[in-house]
Amino acid sequence: MRAASKRGGSYFLRREAAQIAVTKILARKGPLADGVGYILNEEKTDALLTIHLNCDPGREVREMLDTKQAYGKKEGVQYYHVIQSFKPGEVTPELALEIAREFAEEHLPGFEAVIAVHVDREHIHAHTIFNSVNAETGRKYHSNARSYYSQIRATSDRLCREHGLSVIMEGASSKAVSYIEWLRQSKGQPTFRSMLEADLRTAIEDANDLGHFFMLMEHMGWEINHGNRLGFRLRGQDRFMIPGRKNPMFTEDGILAAIQGNLSAIEAGQRLPSAYRVPYRPYKKHPKYTGFLALYVHYLYVLGKIEKRQYPPRMTPQLRKEVIRFERCREQFAFLRENGIATQEDMTAFQARTEDTLTGLMKRRTILNVRKKKRRALYDALADVEALAEAKRLYDEGLSGMEAEAARYTDVSALLDSCGIPRDRLAAEKVELYRQLAELNRSIRAERKKLGLCKEVMERAPKMKQSIEKIEMKEVSHDEHRRR
């Protein structure tokens, strides 16, 4: 399924599926200047996306050669080239640079290194060139399959996981998993992620609505984090897992769509995991845009021509950054058009309405959270009775090691019996409360996103005007030069 291959003294992981976060290292015997020049090429990166470690910008090649001269190690491999490629759309250039920097500082102490993030292709990738001789110890770096997997790959994978990125492919299934998880799965051992996904599918199949789904997951022993991304962890785990990062079906929208529709059809790709359908709207001729809308139409037109290389000005690093933001600008334009925001007055009125709506939603959520807090002990008891039932059965059959779980089961059962509320009625109340909280959280996130887009538009508009003026001035100058 996956193997290490050796070409020209370099070891790397063979990619058999879509591009994701993959790290490889290349040993090079050619001139240092060639490698450094390649990664610092202005057509691929810019100064904001480069870092120098243990060497000075502009003098990196000279200083690396001086290190080789000082230790008498000028022969053989001259430098190593590490490439970290990331899944399209999963990482920003700044995050890719941060991961590469953390990798170099941890794995290459004392080595002179130059890091650059390239953004000239669909997938962002970080390049690190480092001297084959350590400037502090004089030791030469040696790369082989063992060091690749135990050091380079392990360090890079861990940093990717810490930043929430996918790291390796699970073969033909096209699902990203960590290297450690892949090792366990290849040996037939269960992982926390595989257990979580199995329980998610079970809960989706059995749930009547989103609140019922959350209750079922709690009763299977999972704690739930209702943040910007839905997280789950078993009691006792330190960190929440966020399965929606790897599989959109396990986002809140995907789960809701699967509950409302057919899980097997969604998994087979016959249906999209969308919680709603866009209602039919009769065709209407677009009105003449003004204000913010006109500015965005003009700006998107300019960016589109730049991306297709139809504008004559040279692709500067600043223009390249603007093209990268193309999709974000389209989202902002759609937001402005859908909400009829063209002027500063429109924006101010919309922000005021959104803030009022958000305040009302948060008050309603506070009331529900107070109710939830009052029932917390009983709701936890419901979850514990369900989750610990098997442990109690094993303890009753004489299995040792289940004493704490059995005692907890007895305590929570007594609490439920003494509360005076039938368990089925308490469970129905819990489901309804969780459903209302889930809907409120979704609405609150939507309103906060609207306010965030308003802020972005207000900050971006002046910069967009300046960019358009500069680009069009360059185009006029270029046309005049051609006519001469």
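The values are calculated or read from the model by the stated rules, or taken from the named source; none is laboratory data. This structure is a prediction, so every number in the text was calculated from the model and none was measured. Reconstructed Cβ throughout: ideal geometry from the backbone, glycine too, with neighbour counts over all protein chains shown.
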Of all residues being basic (Lys, Arg) and modelled with pLDDT of 90 or more in the range 29-73, which is surrounded by the most Cβ atoms within 10 Å (Cβ to Cβ)? Just the residue, please. 68
Test residue 94 against the criterion of being exposed (fewer than 13 other Cβ atoms within 10 Å of the Cβ), within 25 Å of the chain's Cα centre (by Cα) and of a type in the set (Asp, Glu), and give yes or no. yes
Give 395, 379, 409 a once-over and let me know the one that is touching a helix residue (DSSP H, G or I) at 6+ places or on another chain (Cβ under 8 Å), at pLDDT below 90 and crowded, with 16+ Cβ neighbours inside 10 Å. 395
Qualifying positions in the range 29-58 - small (Gly, Ala, Ser) and under 27 Å from residue 76 (Cβ atoms): 30, 33, 35, 37, 58
Just one of (1) touching a residue at least 24 places away in the same chain (Cβ under 8 Å); (2) among the small types (Gly, Ala, Ser); (3) farther than 30 Å from residue 425 by Cα trips up residue 211, so point out which. (3)
Between a residue in the range 421-448 that is in contact (Cβ under 8 Å) with a residue 12 or more places away in the chain and within 14 Å of residue 381 (Cα to Cα) and any residue that is of a type in the set (Ser, Thr, Tyr) and buried (at least 17 other Cβ atoms within 10 Å of the Cβ), which pairs come within a Cβ distance under 6 Å, given they are 6 or more apart or on different chains? 430/379
